[in-house]
């Protein structure tokens, strides 16, 4: 698995899909992930991905959805959107992503453990 963070303002809006890791309260955080079968090297659209975010003393699970459609077959990745809550404390938000394929195999992805690369809430 691999992935990134981007603004998810919506199609046609300035800065939509721009890579970022520093967000203000109210900003739309976009999670984008790719998961490939390590044996075949191919993507299985039935694989389920879930983001596990820890902030403000709680853990939130965000299911991701397959972004590929018949009209946009090139979008071979999963997405999830999270709006930073108005009461979110400033600082780093830790998260991981788990995947489970149709055969029941699982995997986990974590961002680099370097503070500058973490999802960070700023003023």
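Where in the stretch 51-123 are there strands (runs of 3 or more DSSP E), lying wholly inside it, with at least 3 residues that are surrounded by 17 or more Cβ atoms within 10 Å (Cβ to Cβ) and in contact with a strand residue (DSSP E or B) (Cβ under 8 Å, 6 or more places away or on another chain)? Please lay out each step first, then the result.
On the way: elements: 58-63, 78-83, 91-100, 106-109, 119-122.
Ranges flagged: 78-83, 91-100.
Which one of these is part of a loop (DSSP other than H, G, I, E, B) and either surrounded by fewer than 13 Cβ atoms within 10 Å (Cβ to Cβ) or modelled with pLDDT of 95 or more (or both): 26, 30, 3? If you could, list the steps in order and put the result at the bottom.
On the way: 30 fails: part of a loop (DSSP other than H, G, I, E, B); 3 fails: part of a loop (DSSP other than H, G, I, E, B).
That would be 26, the only listed residue that is part of a loop (DSSP other than H, G, I, E, B) and either surrounded by fewer than 13 Cβ atoms within 10 Å (Cβ to Cβ) or modelled with pLDDT of 95 or more (or both).
Filter the stretch 2-51 for residues that are out of contact with any helix residue (DSSP H, G or I) (no Cβ under 9 Å at 6 or more places or on another chain) and under 17 Å from residue 91 (Cα atoms) and give the result.
Keep residues of the stretch 2-51 that are out of contact with any helix residue (DSSP H, G or I) (no Cβ under 9 Å at 6 or more places or on another chain), which gives 2-20, 22-51.
Listed by number, the residues that qualify are 5, 20, 22, 23, 24, 25, 26, 27, 28, 29.
The values are calculated or read from the model by the stated rules, or taken from the named source; none is laboratory data. Fair warning: this is a prediction, and the values are worked out from it, not measured in the lab. Here the Cβ is made from the backbone with ideal geometry for all residues, glycine too, and neighbour counts use every protein chain on show.
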